[in-house]
Amino acid sequence: MEKINVSMKVNGKEESLTVEPRTLLVHALREHLEYTGAHIGCSSSHCGACTIDMNGKSVKSCTVFAPQAEGAEILTVEGIGSPDKLHALQEMFKEHHGLQCGYCTPGMIMRSYRFLQENPNPTEEEVRFGISGNLCRCTGYQNIVKSIMAAASKIRDEANVEKKEIA
Amino acid sequence: MELNDEITIPAKLELVYKSLNDLEVLKSCIPGCEELIEEDDGKLSAKVVLKVGPIKAKFKGKVSLDLSNGPTRYSLVGEGDGGVAGFAKGGADVELIEDGDETILKYVAKSEVKGKIAQLGSRLILSTAKKLAKTFFENFKELMEKEKK
Amino acid sequence: MDDVKIPSSEERKSALSGLGTSRKRVEDARFTQGKGNYVDDIKLKGMLFGDFVRSPVAHARVKNIDTSAALALPGVHAVLTAADLEPLGLHWMPTLAGDKQMVLADGKVLFQGQEVAFVVGDDRYAVADGVSLVEVEYDELPVVTDPFKAELKDAPILREDIADQKEGAHGARRHPNHIFTWEAGEKEETNKVLDEAEVVADEMVYYHRTHPCPLETCGCVASMDKVNGKLTVWGTFQAPHAVRTVASLISSIPEHNIRIISPDIGGGFGNKVGVYPGYICSIVASIVTGVPIKWVEDRMDNLMATAFARDYWMHGKISATKDGKITGLWCHTTADHGAFDACADPTKFPAGFMNICTGSYDIPVAYLAVDGVYTNKAPGGVAYRCSFRVTEASYFIERMIEVLASKLGMDSAELRSKNFIKKEQFPYTSALGWEYDSGDYHQAWEKAMTSVNYKQLREDQKKQLQLFKEGKSRKLMGIGLSHFTEIVGAGPVKNCDILGLGMFDACEIRIHPTGSAIARLGTISQGQGHATTFAQILASEIGIPASDITLEEGDTDTAPYGLGTYGSRSTPVAGAATAMAGRKIRAKAQMIAAYLLEVHDDDVEWDVDRFSVKGAPEKFKTMKEIAFASYNQAIPGVEPGLEAVSYYDPPNMTYPNGAYVVVMEIDVDTGVSDIKKVYALDDCGTRINPMIIEGQVHGGLTEALAISMGQEIAYDEQGNVMTGTLMDFFIPTAWETPTYETDYTETPSPHHPIGAKGVGESPNVGGVSAFSNAVHDAFKPFGLTQAHMPHDHWRVWKIAKDLGLHN
Amino acid sequence: MIPSAFTFYKPDNIEKAVSLMSDFGDEARVIAGGHSLIPVMKQRLTDIKHLIDLSGINEIKGIDITGNQISIGAMTTQVELINNEELFKKAPIIREASLQIADPQVRNLGTIGGNVANGDPANDMPGLMQLLDATYKLSGKNGVREVKARDFYEGAYFTARDDDEILISISFEVPSGGYAYEKQKRKIGDYATAAAGVIIRVENNKCSSASIALTNLSDTPVYCDKAVEIIVGKEIDNDLLDQVTKACVDQSDPVADQRGPVEFKKYVAGIVIKKALNRAIERS
């Protein structure tokens, strides 16, 4: 089958790849561009391990064809923090034991990343509903919820500090 | 699973029975039938495309007719291999009742599926089977109506 | 030097982050940044992909396999069938239970999803196209899915390869579909006690078929390097060394030329213990093609074909005096093993440790018989987050206790308390032969009952029942109790082996000159945080901060031999090996310290992170100083360097235990249950890292919730797997999962070097009974004695309907 | 789970899309959010040679509320339905129902058009659209035509849409009265075991108008016309609601699956219908 060209911006970097149209976005990211943070858990859009951010929305990249992402801005777990400056979520997941085997973690963090922008001051119940598209087999979610609540608070605090500094 | 229904065909019993034995008639009535050929051993081989919403699968298989109780009873059984999609068996036991110039056709349709289509489509199989059986007999009725004209 | 204040022991201890510290995990930096290294992340030069053509039917003769169309497809390199594997003797493989299993369909298929052919191609896409082009002709055979029908006279014979064998791996076989009968305890004596008992409760308790379903499926990358003759396999292996030995035995590649590496594993829960056809086919394909081969199954493959768990029909009788003293227990289990006996049990235990089914109770006499049978279902029978068959055993006894309490008209909390093994009875030998190491069940139970305010709960329940009876509410309240005793840490080589490999474990430690260290183990973490906790054990043993200790597992070329991680054995066995290796380091360090301090060996004593001269604590050598000295001082009679290895053969199993309470409200009209409270008290002996223990308990409870309330591998009568996706195979989301309360008591194991017992599986073992008992308890006032799991909406609704609660 | 190969098209207007559909006929499919279609393609239960992505067609996106008329472009996502405050003011039941569909990520891509046009009886939007008496606008090679949601569904996946037609928009009048969408499911991400929507106007305890529809309780969504006949014009009391509920249940025809047997589904249907009725009446 004929291959086509797909361009997208991944973690701020322009990427261009030549793939079969049927290539799933998760494979394009993992295998062609070597961003292996997004994982494949179910292939049927139930588990959320492949969650990434596409054009400012959380999506399950196992259920998107690469050409559907033509021109999109993609953000993966590799793009939200750096070893020197972790994202608040990355820090808080570690602080509150929000992960065990780590397989669901990138998807969980990417969903939480977007969720906290949609709702910066959530209740615990809202967090649970907000991450209900992501399955975890290890943690029982309790510490994930705790981590997200803590990250929300940290992000708010940092924003307040910034505001004050600007003022 | 079994489904019962009946339909009135505007033709005499004899003609109805004869038509139900006609390969061309069967081919045009079986929904999605692309090919129906009599093999050397007298068995019928078929190619059928099953199309239900987003599902579309090609089945290769056999169709056999039981004519031992004709002309008032007739059975059709088909089974096909849909490759990755799985296996499907389906059939109908038909009873023909003379009603003047018309014939009442009563049928009990059966279906059984295996493989992915059974695993993923179980909630839709009954309604699909119903729909397919109905379509078959409605096609048949339509055809008989046309022939009448 | 006098002006430098020596930090106190407490300060120094705290700097180590040793035992008892909620140390943050060292693994997390990688995982949170998407830098884990799971098997599907491995990409080797020239690597090809492989995948299976699987059987769509549950039982059929394979008449013909036509691979020509697939082979003609550009991008497809090879298609393997049983005919290709047969000359190598690899078309069948041994299972962990002494049976054998087809690698690729050899003449027939025995379950839906069975591996029929292996297609190798450029990438997943080409392979998938190839798979769809392989044409297989099947001649269908009658299907057996009901284990009680498997042994009927006219039942179709499933395993024609052994149809005539009267003896199996575990004794006599009485029917071609019969695998074994395994017995424990005193049959006649038990029958006698039951016959003469004042009260006998009799019930069939079914623990349905389910699946561990880790979020990462199984897979591997096999790479045969023909230049140096070395085979390397990266894969989702919970027991890498065992895989190496098995691979060597069946492939005839010398064991030293095989290197098995378990990279990061995305959850195991028992699913990744066994050896699967995918591993064998990848290895063969790599040998054939000369390039690395990757195989990763998809979710449906995982749920259809890799190891299931449970599927035990347990018929029980329990007898007691009128006032509730248990006098005997009888159990007959029919075990549905699927098409091959691939249970992951120690050789002498074909039904695992099902003979722990006397639970936490002092039962004078007991008898257990287990019959294994073949059916047209996937093989497996692994321990799913529990030690071998322990959750079945625990569920059985905890249901029987409830059934007996109903019969006696007695509160089941009181019945438990009345029959617990007493603290002073430990070590306690059970009627079925286990020696329980330690416990204080009464203390745990009382703490639990007080914490949840059990009396008040029963009052609330009465009120709710009253409202229901008056027609003011359609909800019932259920209080689910369970007190479980686990048996983990398999195990003593004298009675535990898998395929002849003793179930010891090992740790090797090297202290570097500057006083940091690396420790290697035969286990492999799948989320348990070994790199964090084993370093803590060592920190306390050798006085080097946990943060200065690197842990390495999963590479058979570097790690000492060990049987891997499952059955909560890592802490009891490898954890002990770690402590023992640490003690060897310390013993040598003591000699070095004494030499440096110019005193006799016996004149120095250990003090957190140093040896000091007895009576003169200001004279000391820290481990850091000792480490350096070991590399640069010529010490008479002492070899340079500071290394140790310990192979630990545990003297006994460990027996973690706990008391769980679940409170739920059930809507009798919709079958929907609302979990109000989950309280879990665990006694896992010495607590290494409370944060991680709590995390393990949360996770295990969630799996227990899933299993008891909806998760199952369901087959229809034709052998179709009806729960092959995560829509139908129930895994709760954050939304359905409640918040848990955890608690603990601490009764150290007397025979374990640090007293730790293991905890990963306890919450599953104790949780399932607690959730299920809550459902039963809600309907108890209306006469319900037993309803089978999973308690999903319609089955709960059915209970209410059958009890006439719907009018 | 890898689909078979296809060519990909992303037309930027509806005419081009329709023309592709009529060129390729049976071999072509349109893709909206893809969350029903892609899983089926990955299982290879379908054979699509040409995939036409509708996401480039701006004219079929967005929500237009003019006066009493609401029109929603087929490519409007569920999350847009949820977040649109004006839509929430005019037809709050849309948000209530949309929040019960799948999960956040799926709602981000899932569209109203895909949900209603697919014809899967388990989808929630078809029942909701029957409830609102919506009109679907279809564009095909013979031009544009309109079909009422209540006439659109013929069987599981069988709809009034011709193979070459594309659903472009959905319109309905601003509903008035109390509303409720009740859904029982096993977990987030599951289809309904049973779901029911009710819109009702009650004045002085008398029902002046009503609409009731069911999801996943037959091979199509079910508009409960008989029940509506019973309730309209009557004084509301519990007996009447029981009669109405029974009439709805009688119109349902669920099939057994992993969610439970028929008998259970019918029973639960009765419960969710009654709950929806009560809640809608309370809100009216």
- What ranking do C:79-86, B:98-105, D:79-86 get when scored by the average of other Cβ atoms within 10 Å per residue, highest first? C:79-86, D:79-86, B:98-105
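Suppose only helical runs count, i.e. DSSP H with n ≥ 4. What mean residue ellipticity at 222 nm does that imply for chain A under -39500 (n - 2.57) per run, divided by all residues and rounded to the nearest 500 deg cm²/dmol? Could you put the intermediate results ahead of the total?
On the way: 4 runs with 54 residues, N = 167.
Result for chain A, helices only: -10500 deg cm²/dmol.
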- Item | trypsin sites (Lys or Arg not before Pro) restricted to the range C:136-203 and DSSP loop, no more than 13 other C-beta within 10 Å | C:K153, C:K166, C:R174
- Query: Nearest-5 percent of antiparallel DSSP beta bridges in the protein assembly as shown?
  - Reply: 85 percent
- Item | Calculated diffusion of chain A, Stokes-Einstein form, Kirkwood radius summed over Cα pairs, 20 °C and 1.002 mPa s, µm²/s | 130 µm²/s
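Under the rule a/c < 1.5 gives rounded, and otherwise a/b versus b/c splits prolate from oblate, where does the range D:143-261 land using the Cα gyration tensor?
Numbers: a/c = 2.04, a/b = 1.27, b/c = 1.61.
Since a/c reaches 1.5 but b/c is at least a/b, the shape of the range D:143-261 is classed as oblate.
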- How would you order A:92-101, C:603-612 from highest to lowest mean count of nearby Cβ atoms within 10 Å? A:92-101, C:603-612
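Just list whichever of B:K12/B:K146; C:K166/C:K317; B:K51/D:K187; D:K226/D:K266; D:K148/D:K234 have alpha carbons separated by over 20 Å in the model shown.
Values: B:K12/B:K146 14 Å; C:K166/C:K317 30 Å; B:K51/D:K187 30 Å; D:K226/D:K266 17 Å; D:K148/D:K234 27 Å.
Cα-Cα > 20 Å for C:K166/C:K317; B:K51/D:K187; D:K148/D:K234; rest within.
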- To the nearest whole number, what is the average tally of beta carbon atoms from other chains within 10 Å of the beta carbons of peptide A:49-59? 3
- Task: Sort out for me the Cα centre separation of the range A:73-129 from the range C:584-656, rounded to whole Å.
- Result: 44 Å
- Message: Need the C-alpha centroid separation for the range C:714-758 versus the range C:498-541, integer Å.
- Response: 25 Å
- Filtered hits (aspartates and glutamates, Cα-Cα < 17 Å from C:K187, offset >= 8 within chain) -> C:D195, C:E196, C:D202, C:D371
- Note on the structure: In this structure, the FRET efficiency calculated for C:K226 and C:D106 from their beta-carbon separation, with R0 = 25 Å, to the nearest 0.05, is 0.35
- Message: Below 8 Å between Cα atoms, with a sequence gap of 6+, how large is the relative contact order for chain A in percent?
- Response: 22 percent
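Under a Cβ-only charge scheme (Lys and Arg +1, Asp and Glu -1), can you give me the dipole magnitude of the protein assembly as shown about the Cα centre, in debye to the nearest 20? Display every interim value, and only then the final one.
On the way: 151 positive and 194 negative charges, 335 e Å.
My answer is approximately 1600 debye.
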- Item | Neighbourhood net charge (14 Å Cβ-Cβ; Lys/Arg +1, Asp/Glu -1) for A:I52 | +2
- Task: Of the listed pairs A:K60/B:K114; A:K3/A:K60; B:K18/B:K148; A:K57/C:K45; B:K60/B:K134, which have alpha-carbon separations greater than 25 Å here?
- Result: A:K60/B:K114; A:K57/C:K45
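What's the average, rounded to a whole number, of partner chain beta-carbon atoms within 10 Å of each residue's beta-carbon in B:83-92? All intermediate terms of the calculation are to be shown ahead of the outcome.
Details: counts 9, 12, 7, 5, 6, 0, 1, 0, 0, 0.
Counting Cβ atoms of other protein chains within 10 Å of each residue's Cβ and averaging gives 4.
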- Message: With just the Cα atoms defining each centre, how far is the range D:224-284 from the range C:269-339? Give it in Å.
- Response: 44 Å
- Cα-based shape type of chain C, given that a ≥ b ≥ c are square roots of the gyration tensor eigenvalues and the cut on a/c is 1.5: oblate
- Message: Per-residue Cβ counts within 10 Å, from other chains only, averaged over C:265-273: what number is that?
- Response: 3
- Message: Given contacts defined as C-alpha pairs under 8 Å and at least six residues apart, what's the relative contact order of chain D, whole-number percent?
- Response: 15 percent
- Item | the range D:7-56: C-alpha gyration tensor shape, a/c 1.5 cut-off, then a/b vs b/c | oblate
- Item | Equivalent ellipsoid semi-axes - Cα gyration tensor, the protein assembly as shown, angstrom | 54, 36, 36
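Starting with the highest mean, order D:224-231, C:730-737, C:539-546 by the number of other Cβ atoms within 10 Å, averaged over the residues of each peptide. Each step should come with its number before you reach the end.
Working: D:224-231: 20.0, C:730-737: 22.8, C:539-546: 25.2.
Order by mean packing, descending: C:539-546, C:730-737, D:224-231.
Taking only C-alpha pairs under 8 Å that are 6+ residues apart, what is the relative contact order of chain B in percent?
Numbers: 284 pairs, mean separation 41.6, N = 149.
Over chain B, the number comes to 28 percent.
For chain C, what is the mean residue ellipticity at 222 nm derived from helices alone (per DSSP H run of n ≥ 4: -39500 (n - 2.57); sum divided by total residues; nearest 500 deg cm²/dmol)? Write down the numbers at each step before the final one.
Working: 20 runs with 225 residues, N = 807.
Dividing the helical sum by the residues of chain C leaves -8500 deg cm²/dmol.
Read-outs: derived from the displayed coordinates by stated rules, not from any lab. Not measured: the values here are computed from a predicted model. No Cβ is skipped: glycine too gets one built from the backbone with ideal geometry, and neighbour counts run over all protein chains shown.
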